[in-house]
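Asks: Sharing a structure, written as structure tokens. Questions coming.
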């Protein structure tokens with residue numbers, strides 16, 4: 001039987017999966033996803049027994065991630081929804097999982113970019129069947145990269161290393 005604390009920790013994985021899927025099909029991440037993740041953090045952290053200094057570290061990491069993500073957004077490397085999702089995910093992951101999150105997100109983003117470049121190239125288009133409109137948008141030459149997919153992968157890989165998860169299983 002799941003306890004409330006276990007269920008609370010499922011919030012972030014569920015939200016990043018929704019965000020990644022939504023970004024893949026629409027190239028947008030609704031604000032409610034990042035807002036819900038940010039608002040659910042403190043109750044979830046308290047439910048697993050995190051103390052106030054640990055919560056403060058998480059809040060600091062989330063703020064630093066937001067500042068970095070805003071910088072990436074201002075350089076047009078990522079979209080605004082990506083920036084907010086990155087920060088909300090970092091808030092939940094804390095230290096030291098933030099390093100793994102950043103690394104896996106960057107690698108997944110690079111892999112996604114290479115895959116989309118190949119999908120959008122002339123030689124590969126002939127082998128990819130025509131599908132729903134969102135697949136066609138992914139195939140469009142010069143189109144955006146749904147980086148929320150990479151952020152979701154990074155968050156899901158790093159989440160088991162989060163001190164919140166470690167508190168729950170301790």
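The values are calculated or read from the model by the stated rules, or taken from the named source; none is laboratory data. These numbers come from a predicted model, not from an experiment. So basically every Cβ, Gly included, is an ideal-geometry build from the backbone, and we count neighbours across all protein chains shown.
Asks: Working carefully through the options 109, 131, 94, 142, find the one that is closer than 19 Å to residue 11 by Cα and modelled with pLDDT under 95. I'd like the intermediate steps shown before the answer.
Replies: Details: 109 fails: closer than 19 Å to residue 11 by Cα; 131 fails: closer than 19 Å to residue 11 by Cα; 142 fails: closer than 19 Å to residue 11 by Cα.
Exactly one residue qualifies, and that residue is 94.
Asks: Could you tell me whether residue 115 is out of contact with any helix residue (DSSP H, G or I) (no Cβ under 7 Å at 6 or more places or on another chain), modelled with pLDDT of 80 or more and more than 14 Å from residue 20 (Cα to Cα)? Let's see the steps before the verdict.
Replies: Working: out of contact with any helix residue (DSSP H, G or I) (no Cβ under 7 Å at 6 or more places or on another chain): yes; modelled with pLDDT of 80 or more: yes; more than 14 Å from residue 20 (Cα to Cα): yes.
For residue 115, the condition - out of contact with any helix residue (DSSP H, G or I) (no Cβ under 7 Å at 6 or more places or on another chain), modelled with pLDDT of 80 or more and more than 14 Å from residue 20 (Cα to Cα) - is met.
Asks: What helices (runs of 4 or more DSSP H) lie completely within region 1-97 and have 3 or more residues being within 17 Å of the chain's Cα centre (by Cα) and surrounded by fewer than 21 Cβ atoms within 10 Å (Cβ to Cβ)? So that I can check it myself, show each step before the final result.
Replies: Numbers: elements: 4-9, 11-26, 31-47, 52-74.
Those helices (runs of 4 or more DSSP H) span 11-26, 31-47, 52-74.
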